[in-house]
1. Inside segment 53-137, counting only helices (runs of 4 or more DSSP H) that do not spill past its ends, which hold 3 or more residues that are modelled with pLDDT of 95 or more?
2. Test of understanding: among 64, 16, 45, which residue is open to solvent by 70 Å² or more (accessible area, probe 1.4 Å), within 18 Å of residue 111 (Cα to Cα) and among the hydrophobic types (A, V, I, L, M, F, W, C)?
3. Name the residues in segment 72-93 that are surrounded by fewer than 16 Cβ atoms within 10 Å (Cβ to Cβ) and hydrophobic (A, V, I, L, M, F, W, C), would you?
4. Which one is nearest to residue 106 (Cα to Cα) among residues in segment 28-42 that are surrounded by 14 or more Cβ atoms within 10 Å (Cβ to Cβ) and touching a Ser or Thr at 6+ places or on another chain (Cβ under 6 Å)?
5. Mind checking which residues of segment 1-56 are out of contact with any Pro (no Cβ under 9 Å at 6 or more places or on another chain) and of a type in the set (Asp, Glu)?
6. What tally of residues in segment 22-48 results from selecting those that are at pLDDT 95 or above and either more than 14 Å from the chain's Cα centre (by Cα) or over 18 Å from residue 73 (Cα atoms) (or both)?
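The values are calculated or read from the model by the stated rules, or taken from the named source; none is laboratory data. What you see is a predicted model; the values in this text were computed from it and never measured. Cβ placement follows ideal geometry from the backbone for every residue including glycine, while neighbour counts extend to all protein chains displayed. Please note that ligands, DNA and RNA were not included when accessible areas were found on the heavy atoms of the full protein model with its side chains. Shrake-Rupley method; radii C 1.70, N 1.55, O 1.52, S 1.80 Å.
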Amino acid sequence: MSKLLDLLLRPETPDVQKELPRGRYELLRLSELYGEPFVLELKAVPYGRALELKEMPDVEMQTVLAGDDSGLWKSGELQERFGAATPAELARALLLPGEIKALAVAVEQLSGYRKAVLAPYAPQSVKQAVGDEIQKN
């Protein structure tokens with residue numbers, strides 16, 4: 001256990017409540033429309049927020065809004081231009097349903113969901129012994 005403790009005490013270990021994983025994702029339809037990359041900045045959501053989102057009726061939209069790292073959907077100028085009273089209405093006016101789902105999945109992946117985060121562990125010596133045994137047979 002002390003090796004794990006030593007690893008977790010290293011300075012590069014982030015506090016994921018304060019340093020959320022982030023990513024940039026290109027929305028292909030809008031990139032094609034504008035003739036230049038349309039890149040959204042997304043962030044993971046912390047554990048407590050992820051639990052809250054699961055209970056919301058419009059979980060995908062709320063996940064997109066929670067994962068917006070640039071504040072795009074809160075733009076008063078855009079909301080006025082599209083007659084949207086809320087960030088959710090603005091996102092619905094600009095995004096197709098499949099794009100909303102894809103963005104929600106991207107936020108979930110940044111948050112550690114919907115991707116492999118664990119793998120069975122076998123020390124290298126065991127892997128080598130198994131490989132040697134397979135080659136013999």
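1. The helices (runs of 4 or more DSSP H) meeting that bar are 59-66, 76-81, 87-94, 97-110.
2. When all the criteria are applied, what remains is 16.
3. Answer for segment 72-93, where residues must be surrounded by fewer than 16 Cβ atoms within 10 Å (Cβ to Cβ) and hydrophobic (A, V, I, L, M, F, W, C): 72, 82, 85, 93.
4. Filtering first and then ranking leaves 41.
5. 6, 12, 15, 19, 32, 36, 41, 52, 55
6. Selection size over segment 22-48: 13.
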